[in-house]
Amino acid sequence: MLRVAFLLALLFPAVTVADDRWPGAEIEARLIGNTIIGEANDFFGADFKIYFHPDGSTRGVAQKFSITITDQGRWEIDGDRLCV
């Protein structure tokens, strides 16, 4: 559980919400089966990857220096929202 909280703390500061929203079908077409790669926008600045499996599961990894944190979870699309 501590790993999950740490990974979320690394990832959520890096998320930017755009003014334009994608409809649910476009979210699925662009995201599901693909990997988001980025760098957390916090004082850790960890590199991260999150893969959105078509079966509704996610796998993530964050790395900084010699520290690697992995996590797994679930996703679903509710209307025009991606819920992770």
### Message
Condition first: at pLDDT 90 or above, among the acidic types (Asp, Glu) and in contact with a Cys (Cβ under 9 Å, 6 or more places away or on another chain). Can you find one or more residues in region 35-55 that meet it?
### Response
no
### Task
Could you please find all residues in region 44-69 being part of a strand (DSSP E or B) and loosely packed, with under 13 Cβ neighbours inside 10 Å?
SER57, ILE67, THR68
### Task
For region 26-43, name all the residues that are loosely packed, with under 14 Cβ neighbours inside 10 Å and either in contact with an Asp or Glu (Cβ under 6 Å, 6 or more places away or on another chain) or part of a helix (DSSP H, G or I) (or both).
GLU26, ALA29, ARG30
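The values are calculated or read from the model by the stated rules, or taken from the named source; none is laboratory data. Keep in mind that what you see is a predicted model, and the values were worked out from it rather than measured. A quick note on method: Cβ atoms are made from the backbone with ideal geometry, for glycine too, and the neighbour counts reach across all protein chains shown.
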